[in-house]
């Protein structure tokens, strides 16, 4: 994942889950992608 993708995912997660930006400092790209995917899946399921 490039820097812009990571930044966009973090901003999305922050808005949706109200997580502090400092919490992401020690997360790997895989951790962030996992959280992002879970939130995105929830949004899709609730919109149907």
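What follows draws every value from the coordinates through simple rules; no lab data is involved. It should be emphasised that the depicted structure is a prediction, and the values quoted were computed from it without experimental measurement. We place every Cβ from the backbone using ideal geometry, glycine too, and count neighbours over all the protein chains shown.
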Task: Burial order of peptide ranges 2-11, 32-41 (average beta-carbon count within 10 Å, highest first) - done: 32-41, 2-11
Task: Nearest-ten-degree value, helix 29-47 long axis tilted from longest Cα axis of the chain - done: 20
Open item on the list: Could you give me D for the chain, from Stokes-Einstein at 20 °C and 1.002 mPa s, where the hydrodynamic radius is the Kirkwood radius over C-alpha pairs? Units µm² s⁻¹, please.
Closed with: 193
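Using helices alone, I'd like the mean residue ellipticity at 222 nm for the chain: each DSSP H run of four-plus residues gives -39500 (n - 2.57), total over residue count, nearest 500. Don't skip to the end; give the middle numbers.
Details: 2 runs with 34 residues, N = 48.
Here the helix-only value at 222 nm equals -23500 deg cm²/dmol.
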- [ ] Please give the helix 3-17 orientation as an angle from the longest Cα principal axis of the chain, in degrees from 0 to 90, rounded to the nearest 10.
- [x] 50
